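Notes to accompany the following structure.
Readers should treat all values here as calculations from the given coordinates under stated rules, not as data from a laboratory. In this text, all values refer to a predicted model and were calculated from it rather than measured experimentally. As a convention, Cβ positions derive from the backbone with ideal geometry for all residues, glycine included, and neighbour counts pool all protein chains shown.
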Protein chains: 2
Amino acid sequence: MDRKLLTLIMMALPVAAAAQTGVVAVHPANNEGRMLTMEEAVLGRNTRPDNVYASWIDDDTYVCRIDGKWMSTDFATGKSSEYSPERINVSIPRDAAGIERSSAGTFAYTRGNSLFINDGTETCVACSEDSQIVYGQSVSRDEFGISGGIFWSPDGSRLAFYRKDNSRVTDFPLLDITTRTGSLKSIKYPMNGMESEEIRLGIYDLAAKTTVWCDVNDFGYDRYLTNISWTPEGKYIIIQVLDRTQKHMKMNMYRADNGGFVRTVLTEDNARYVEPLDPVWFLKGTYSFIYRTNNRDGYRNLYLCDTLGNVRRLTAVDADVAYAGNDGKTVFYTSAEMSPVENHLFKVSVTAKGRRMPDGNAASFKFGTPVRLTSEEGWHNVSLSKDCKKFIDSFSSFNVPQVTNLKTTGGKLIRNLSIASDPLVQFKTGKVVLGTVKSADGRYDNWYRMFFPADFDASRKYPVILYVYGGPHSQMVQDSWLGQVRMWEMLMAQKGYIVYVQDNRGTQNRGAEYEMAIHRQCGQLEMADQMVGIEMLKSLPFVDAGRIGVHGWSYGGFMTISLMTNYPETFKTGVAGGPVIDWKWYEVMYGERYMDTEATNPEGFARTSLIGKAKDLKGKLLICQGAIDNTVVWEHSLSFVQKCIEEGVQLDYFPYPRSEHNVMGVWRTHLMDKVTEYFDDNL
Amino acid sequence: MDRKLLTLIMMALPVAAAAQTGVVAVHPANNEGRMLTMEEAVLGRNTRPDNVYASWIDDDTYVCRIDGKWMSTDFATGKSSEYSPERINVSIPRDAAGIERSSAGTFAYTRGNSLFINDGTETCVACSEDSQIVYGQSVSRDEFGISGGIFWSPDGSRLAFYRKDNSRVTDFPLLDITTRTGSLKSIKYPMNGMESEEIRLGIYDLAAKTTVWCDVNDFGYDRYLTNISWTPEGKYIIIQVLDRTQKHMKMNMYRADNGGFVRTVLTEDNARYVEPLDPVWFLKGTYSFIYRTNNRDGYRNLYLCDTLGNVRRLTAVDADVAYAGNDGKTVFYTSAEMSPVENHLFKVSVTAKGRRMPDGNAASFKFGTPVRLTSEEGWHNVSLSKDCKKFIDSFSSFNVPQVTNLKTTGGKLIRNLSIASDPLVQFKTGKVVLGTVKSADGRYDNWYRMFFPADFDASRKYPVILYVYGGPHSQMVQDSWLGQVRMWEMLMAQKGYIVYVQDNRGTQNRGAEYEMAIHRQCGQLEMADQMVGIEMLKSLPFVDAGRIGVHGWSYGGFMTISLMTNYPETFKTGVAGGPVIDWKWYEVMYGERYMDTEATNPEGFARTSLIGKAKDLKGKLLICQGAIDNTVVWEHSLSFVQKCIEEGVQLDYFPYPRSEHNVMGVWRTHLMDKVTEYFDDNL
């Protein structure tokens, strides 16, 4: 749930870019850069909508397909026009989704629950005649880094794909009010501790027109098949197989021609959880690969491995890193090693010898000293060219809205592409402060950003709003412009509130122990850490300790209600959006990772559940939720409301009838008005 | 929807009876009376819950069955104890519902969708093997006076029963949050203009063990079969058959032995609607019957009829009357002829000659002059003994909380049973006023009651709350104690509001023209009439015209939002419960009677729909609704909320997650607190 939300928040950066995106494309011929429009950028993102396919088709033209219509965009002008499908020689039906193009030019996509390929003629590769069986779509509710279900082999001769059997998964009913008579829209929702999906991986041979199935025999039917990788020559497939408890992972290799099991390359085990998030990345021209895990050295580091199971640590830093690319000789990665709130690009030279597969000699690895490629303080988003010779470095820091440069990976500036001016220059804004407080256990610095009213007068007393998320895989505070400002915080500061945002244990970029400390007790350490910040605020002479509010969505909605009911004397007013109320109603994949199950962790579920806390609610609380939320289902907030009714506790509620987990577009304007009004009226 | 709500409101009268019911039972042996407990009274009511059967089994013992358990209550003490089923010689399964006992002692009831009889041995009379087919249950969503689906013949030798085919009716999905995983609870909801139920009437012969079906050939499949009556000797059944448009009714007679059509006894036609509400009542010992309609003389009067179609008006008053009983020589009825806000018992002597059936001579009718049997001003609820020699007269009037007398139908007082003291004597209450204003067209007096704050000071300005219902079959103001006071009105008056309640065109007890004037334009004349009252209030020097609020539920919720959006400058604050938003989403039976269909009345639907009015909302509006409302389905209020979101209009909302159309029990306390708080905070 979180990453989607977080994406949204981060997309709003920098605030300048009402009509811009912060995404720059560079023309390969002349290195000219241009800021993409929001539409172009969205189309080009990895997070593209299901029904969109986008690609450069030649050096000047970017083609995208949206809602069944092909559009081409001329790079120089940014002008879009309808595109004749003959040029790509394939007519793809309007309802095609998840479109992937092989290196040989064949398209694969799903229609309904079936999987098709199309090289001019459409062929059904896996035809579902049962509504419970789904081919070629994403599985495991997009956890474990999964975002699709179609995996072309490197040469395009084979197509691997997921098969999901939903027969055992509960239906959760949603109400569709857009039909003449309100109608049922059921979703499949595997709920904590309940029966889950059964996943298989098929491999279709385009020449033979046959499908084989990977012979996975570990962990029973509701294991997870995650992070599918092809070996470079296309003879093998690597699957990171995870058991239902998420405590054991086997990286297994299978033959592409018959699905046969070859060997377990390596394993990971953890009494809390193992969370594979990435496929493996083969070093170009070799059979050695780079693998990322946080299960070996306390941080999410990169490792050089071979398919015989040799593993050697590549990034030896006490910081989380992320893979960025390789050209066979150099590996590029970004790292939090300068500071948890900064992100920098590094390169390290690598040699791996021993290439025979799968049973040849073990590889011998050598590598050099890492070299930092980004120098300016702050948060760098980088995009490497295919040949790894150039990269776009787009960065901002606390006082720098955004600078985008085109550079060589040798370290030279080719040219500056854009420098954003202060987008708030026309507004009367107050001071913004970046700082740290200790975690409740005293072991860590937790970063915060704090917004002051424009005409701040230290002799007055100001109300405070804590904006909170706090869940795994988030990082609310970075050393990017004004600490990752959101316009709503600016607005509230303008209206006379001090707004405070702080990270806590459980969030990302701080290593495994910090991240996993919340295991089996979601919310508890997060609250303790947030309360350190609140106590700091209360100690400030200009803070009105009687007027502290809290607002958050999703995990942040859970945090909001947790804080209001655990610290009823502290928080006067809260707004919780799409809140988790009891982890037993949340999905299997995310929920069992952090909480295990109700059966194996009864105390943890009891302590974190907000149902038993309803009676402790004292302040004014507004809950907002999308009425067709398919992530945090409506059972959560309705059950909390029901409990409040039974306890005689008053609270407020507002549904967004056609919204899913997040309230989007113009509806979001309504939401933010409502939230703002609620604090104005009640804090 | 309305009558259910109204019942609730009226049950709360008099306010004295927190622990009492206002229902008195009289012992037949010694004429001693005793106030029944709420439980006894509910069990003994016609409005009994489905799963309850209650009856006197001898002169001293009252037996009831609730949730599968038999209980007996000793009349003298009111003590209940478990009752041995051997004494009634029949063991009825726990899941039996709609239990009816024949005069011969055989029980009939439904289990699931099937119909059973039981005289010691259970036999399935009509077994449903299709979830869409329902035997023996109520049909047509309890409209047209229908409240059950089992009709014993007078001697118990035959059993008539409804068969309802739901195949064509839309499913409406509700969310059940009481299950581990929120689950689907679908209801069958025939929506305005959409496909509806198909109803048949079967007649089961207990001796022959065969079923025949009444051969109804009028009006197509989705006609209504209403108000089933057996002729006294059990040879014929009379059905008031109504067409889908509800503009044409045929009172048809069928043979009980083979279901054959005998003749149409009489017909009713009306360009607006015909609404049969009562079975016919045969004069004891004759084949003549009493029939009630408002389609002949402008008021709901009684008529003497025979099965050959002779009809003679019995009650010749310009007022609505209601049948109360007959002993073959005298007909008893209550009537609004003294005043629309008073209810009195009358009797009239009757002779009807010509008894041969069905083709004998027409009856000749004679009758005398009506005699009024209740003398005191006010509203009399009466209950006749079986032999029509005695009646309980329970009345209250504006200044009389409640008096209950046992009287002879000769007009003599046998004894007083109870006199309620002023239940509000311990509270500091303000003045209550009963009065009238003109209807907007000047033709009628509309009654109101108005509550003043306790320490009313005419030199101050007070805010006003209009409590409104306004829909058909309701009457909010009667000449009963304090004009039909509700405790919430007293509470709000105590808190410093003037509370105003007024009837309007469309409501009951005022004749057909008054009632039907709203046809095809629900809400329009009702608003016009309410606004006459509001203008009167605004003209009062002690009314703060800038602080007028409005509150209502169901039709009253529709009225609340209609008033707030049509008169946005008048109403500052409103609370609408379970509101109809657009009549196209309301049920076929009630909705098509008053509005016709969207196809035949597009202008009426457009004008009355609140979707198009969302943009006009200016005041503070709170909508409350039961989240499993099966009467005004959630599509209504969610669609309005969605429209407000799209229009950028703010409003408030609160769901009662486990409540249906009304919020009951302790949940209702929460609701009334919420409503009260909303006015306190926003008016």
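Give the average, rounded to an integer, of partner chain Cβ atoms located within 10 angstrom of each Cβ in A:640-649.
Numbers: counts 1, 8, 9, 1, 2, 14, 4, 2, 5, 2.
Rounded to a whole number, the mean comes out at 5.
Report, for the protein assembly as shown, the % of DSSP beta bridges that are antiparallel, rounded to 5.
Numbers: 262 of 312 bridges.
Beta bridges within the protein assembly as shown, antiparallel portion: roughly 85 percent.
With the contact rule set at Cα under 8 Å and sequence spacing of 6 or more, what percent relative contact order holds for chain B?
Numbers: 1611 pairs, mean separation 56.7, N = 683.
Contact order relative to length: 8 percent.
Please work out whether the stretch A:123-279 counts as rounded, prolate or oblate from its C-alpha gyration tensor, where a ≥ b ≥ c are the square roots of the eigenvalues and a/c under 1.5 means rounded, while otherwise a/b larger than b/c means prolate and anything else oblate?
On the way: a/c = 2.35, a/b = 1.32, b/c = 1.78.
Oblate, because a/c is 1.5 or more while a/b does not exceed b/c.
Enumerate the amide H contacts of A:I628 below 5 Å, restricted to partners 5 or more residues apart or on another chain; note that Pro and chain-start residues carry no placed amide H.
Close amide H contacts, sequence-distant or interchain: A:S659.
Per residue of the stretch A:237-245, in order, report the coupling 6.51 cos²θ - 1.76 cosθ + 1.60 (Karplus, θ = phi - 60°) as ³J(HN,Hα) in whole Hz, putting x for Gly and Pro.
In residue order, the calculated couplings are 10, 10, 10, 8, 8, 10, 7, 4, 6 Hz.
Partner chain Cβ atoms within 10 Å, averaged over the residues of A:653-660 - can you pull that number for me? Intermediate results must be reported in sequence, preceding the final value.
Working: counts 6, 8, 10, 4, 12, 6, 2, 0.
Per residue, the number of nearby Cβ atoms from other chains is 6 on average.
Using Cα positions and a limit of under 16 Å, work out the lysines in reach of A:K390, with same-chain residues fewer than 8 apart set aside.
In chain and number order, the partners are A:K329, A:K347, A:K407, A:K412.
Can you say what percent of the DSSP beta bridges in chain B, counting only those with both residues inside, are antiparallel? Round to 5.
Numbers: 130 of 155 bridges.
Looking only at bridges with both residues in chain B, the antiparallel portion is about 85 percent.
What is the Cα centroid distance between the stretch A:513-564 and the stretch B:286-312, reported in whole angstrom?
Value for the Cα centre distance between the two parts: 74 Å.
Within 10 Å of each Cβ of A:621-629, how many other protein chain Cβ atoms are there on average? Before the final figure, lay out the partial values.
Working: counts 0, 1, 0, 1, 0, 0, 7, 0, 0.
Counting Cβ atoms of other protein chains within 10 Å of each residue's Cβ and averaging gives 1.
Rounded, prolate or oblate: which fits the stretch A:432-611 when a ≥ b ≥ c are the square roots of the eigenvalues of the alpha-carbon gyration tensor, with rounded for a/c under 1.5 and prolate only if a/b beats b/c?
Values: a/c = 2.03, a/b = 1.69, b/c = 1.20.
Verdict is prolate for the stretch A:432-611.
Long-range amide H contacts for A:V139: which residues qualify at under 5 Å (H placed 1.01 Å from N, peptide plane, sequence gap of 5 or more or a different chain)?
Distant-sequence amide H within range of A:V139: A:G148.
Counting pairs of alpha carbon atoms under 8 Å apart in space and at least six apart in sequence, what relative contact order in percent does the stretch A:282-383 give? All intermediate terms of the calculation are to be shown ahead of the outcome.
On the way: 228 pairs, mean separation 21.8, N = 102.
It rounds to 21 percent for the stretch A:282-383.
Is the stretch A:282-383 rounded, prolate or oblate when judged by the Cα gyration tensor, a ≥ b ≥ c being the square roots of its eigenvalues, rounded requiring a/c under 1.5 and prolate requiring a/b larger than b/c?
On the way: a/c = 2.70, a/b = 1.83, b/c = 1.47.
Since a/c reaches 1.5 and a/b is larger than b/c, the shape of the stretch A:282-383 is classed as prolate.
Can you list the distances in nanometres, one decimal and ascending, from the A:I419 label point to the identical position in each other copy, with the point 7 Å along Cα to Cβ?
Here A:I419 shows inter-copy label distances of 9.8 nm.
Counting only DSSP beta bridges with both residues in the stretch B:432-682, tell me the antiparallel percent, nearest 5. Don't skip to the end; give the middle numbers.
Numbers: 11 of 35 bridges.
Here the antiparallel bridges make up roughly 30 percent for the stretch B:432-682.
Can you show me the helix-derived [θ] at 222 nm for chain B, built from DSSP H runs with n ≥ 4 at -39,500 (n - 2.57) apiece and divided by the number of residues, rounded to the nearest 500.
Values: 10 runs with 103 residues, N = 683.
One gets -4500 deg cm²/dmol as the mean residue ellipticity at 222 nm.
Please list A:363-374, B:475-486 highest first by mean number of surrounding beta-carbon atoms within 10 Å per residue.
Details: A:363-374: 15.9, B:475-486: 23.6.
Result, highest mean first: B:475-486, A:363-374.
Would you mind listing the distances between the B:Q132 label point and the same position in each other copy? Use 7 Å along Cα-to-C-beta, nm, one decimal, shortest first.
When each copy's label point is compared with this one, the spacings are 2.5 nm.
Sort shortest first the distances from A:T408 to its counterpart in every other copy, using label points 7 Å along the Cα-to-beta-carbon line, and give them in nm.
Label-point separations across copies, in nm and ascending: 12.3.
Which whole-Hz ³J(HN,Hα) couplings does the stretch A:375-382 yield from phi under the Karplus relation 6.51 cos²θ - 1.76 cosθ + 1.60, θ = phi - 60°, glycine and proline marked x?
The phi angles translate into 10, 5, 4, x, 10, 9, 9, 10 Hz.
Could you name the lysines whose alpha carbon sits less than 21 Å from that of B:K250, not counting residues in the same chain fewer than 8 places away?
B:K164, B:K235
Could you go through the stretch B:293-310 in sequence order and give the Karplus-derived ³J(HN,Hα) for each residue, using 6.51 cos²θ - 1.76 cosθ + 1.60 with θ = phi - 60°, rounded to whole Hz, and x for Gly and Pro?
8, 10, 9, 10, 10, x, 9, 7, 10, 9, 10, 8, 9, 10, 6, 8, x, 6
With a Förster radius of 30 Å, plug the Cβ-Cβ distance of B:R313 and B:K386 into 1/(1 + (r/R0)^6) and report the FRET value to the nearest 0.05. Intermediate values should be presented prior to the final figure.
Details: r = 27 Å, r/R0 = 0.91.
So, using R0 = 30 Å, E works out to roughly 0.65.
B:K620: which lysines have alpha carbons under 19 Å from its alpha carbon, excluding same-chain residues fewer than 8 sequence positions away?
Hits, sequence-local ones excluded: A:K620, A:K674, B:K572, B:K643, B:K674.
Which helices of chain A meet both criteria: a Cα extent of 30 Å or more along the helical axis and a mean Kyte-Doolittle score no lower than -0.5, with helices taken as whole DSSP H segments?
On the way: long enough: none.
Going by DSSP H runs, there are no hits.
Under a 5 Å amide H to amide H cut-off, with H placed in plane at 1.01 Å, what residues pair with A:F654 once short-range neighbours are removed?
A:I623, A:C624, A:Q625
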